[in-house]
Amino acid sequence: MTDSQHTSLADIAKHFDTLEDPRSPINRHHLLTNVVVIAIMAILAGANGPTAIAKWALAKQQFLCQGLSLPFGVPRKDVFRTVLTLLNPQVFQACFTDWLTSLRLGAMAHLKIDRPLYGVDGKTLRRSHDRAKGLSALHSVSVWASELGLSLGQVACAEKSNEITAIPELLRLVDITGAIITIDAIGTQKAIAKQIVDGKADFVFALKGNQGKLHEAVIAYITTQLENDFANVAARQLVVTETLHGQTETRMYTQMPVPKDLPMLKEWEGLKSIGTAVRCYQKDGKEMADIRYYISSLKVGVKLFARAVRGHWGIENGCHWTLDMTFREDESRIRGTKIRENFAWLNRLALSLLKQHPSKDSIAMKRRICGWDDAFLLEVLTGIKA
């Protein structure tokens, strides 16, 4: 291990110096910072629970002792389980703020993105329930910067219907300045719109039946303008055709200024435009189409609107799908309120770190290489090329 790699590993551990150790001081042999860093490294290498983390650490004991102070050797599984069971998830997550900020700014500079897209969506760990103890499956809401490949925050809630109260809490955990926040219809709420605008960001919200009068008014207005071929409104349109997995898909985005007589307009902070996204595709040999409606605080600029609408699906495809398929998160039987939430966050951190590595390999292959190649693991963890 080179001096620069050793220093970087120590720098990673420093992120957790302020984290209060929740364990009893009796027989506390292992530093909390070391326990957390080893857990992160093991998850990057494919571990999916305390037992797997401990087995990886034992197999890599010589390697770990080169970069961390481990006078008592590597921790056993009970140490990892105890720490991750006792740590307050919100306090634990807060320790990653500076680290994630550095990753976010670096990715924005590399990709030359000045206004990042932050998609907000919920996910359920379907097998994390414990009926005997009355523990329902963990449902959490997270912020995913799809273009940057970064998970920026996570808040657990009882079930999907509680996302409305979880989203404001989540947005308070993340620096949203200058970002464009996209949320599905369940989060299309006046208070959330105000919070985003007050945070010097913009929103693009999907509209469905839960916003009855507003939804109906937007549909009626856009339908009327469409019948006149948008002759009476400064609408902008963009058509994109792509072939994905052998299937051709055409998407047409339309955006226009919000009408001044839209019902409840004054109740929606910063509302400036409305729009639609029409998707045309083939399914089972049949021509299919669907249409979605949106409200936004963005000024009319259809390319940016289209980028936001399209980018929102990155949280489903780039984050949730990968967590289920590669991290097997949906199969996890980790139980306990805090430990399952802490593992869900560590999985998202690991995914974020893997996505930052410039290798063209898949996420699954990168995890395998992390398990095989210590130098590659350090590159992923520290962002420093060996």
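The values are calculated or read from the model by the stated rules, or taken from the named source; none is laboratory data. Keep in mind that this is a model prediction, so the values were computed, not measured. Neighbour counts are summed over all protein chains in view; Cβ atoms, including those assigned to glycine, are modelled from backbone coordinates with ideal geometry. Ligands, DNA and RNA are stripped out before the accessible areas are found, and what is left, the full protein with its side chains, is counted by its heavy atoms. Shrake-Rupley method; radii C 1.70, N 1.55, O 1.52, S 1.80 Å.
Rounded to the nearest 10 degrees, what's the angle between the helix 50-59 long axis and the longest principal axis of the chain, both from Cα atoms, 0 to 90? Once rounded, one gets 50 degrees.
Pair-distance distribution P(r) for region 1-139, from all Cα-Cα distances in 10 Å bins starting at 0: 10, 32, 35, 19, 4, 0 percent. Helix 302-312 and the longest principal axis of the C-alpha atoms of the chain enclose an angle of approximately 40°. Plainly put, the chain has a radius of gyration that is 1.02 times its Kirkwood radius, both from alpha-carbon atoms, as the Rg/Rh ratio. Of the solvent-accessible surface of the chain, computed with a 1.4 Å probe and all protein chains present, 52% belongs to carbon and sulfur.
Geometric descriptor of region 296-380, per residue, is 141 Å³ (volume of the convex hull of the Cα atoms).
Hey, with R₀ at 22 Å, roughly what FRET efficiency would VAL233 and LYS213 work out to, going by the Cβ-Cβ distance, to 0.05? Efficiency, rounded to the nearest 0.05: 0.60. For the chain, what's the relative contact order in percent, using C-alpha pairs closer than 8 Å and at least 6 residues apart? Relative contact order here is 19 percent. Answer rounded, prolate or oblate for region 62-146, using the Cα gyration tensor with square roots of eigenvalues a ≥ b ≥ c: rounded when a/c is under 1.5, else prolate when a/b is larger than b/c, else oblate. Oblate, since a/c reaches 1.5 and b/c is not below a/b.
About its Cα centre, the chain has a charge dipole of approximately 500 debye under the convention of +1 per Lys or Arg Cβ and -1 per Asp or Glu Cβ, with nothing else charged. Computed from phi, the 3J(HN,Hα) profile of region 25-39 under the Karplus parametrisation 6.51, -1.76, 1.60 (θ = phi - 60°) reads x, 6, 6, 8, 8, 10, 4, 4, 4, 5, 4, 5, 4, 5, 4 Hz, with x in place of Gly and Pro. Distance between the C-alpha centers of region 172-248 and region 308-386? Whole Å please. Using only Cα atoms, the two centres lie 29 Å from each other.
For region 38-115, the relative contact order comes to 23 percent (Cα pairs under 8 Å, sequence separation of at least 6).
Overall shape: rounded for region 7-77, with the ratio a/c of the largest to smallest alpha carbon gyration tensor axis below 1.5.
Here's how it looks for LEU298: its modeled amide H is under 5 Å from those of PHE203, LYS272, SER273, which are all 5 or more places away or on a different chain. Between 0 and 90 degrees, the angle of helix 3-14 with respect to the longest Cα principal axis of the chain falls at about 70 degrees. Per-residue packing, averaged as other Cβ atoms within 10 Å, sorts the ranges 206-213, 269-276 into the order 269-276, 206-213, beginning with the highest. Packing-based ranking of 292-299, 25-32 yields 292-299, 25-32, ordered from highest to lowest mean Cβ neighbour count within 10 Å. Taking 15 Å as the straight-line reach from the Cα of LYS112, the aspartates and glutamates in range (excluding those fewer than 8 positions away in the same chain) are GLU147.
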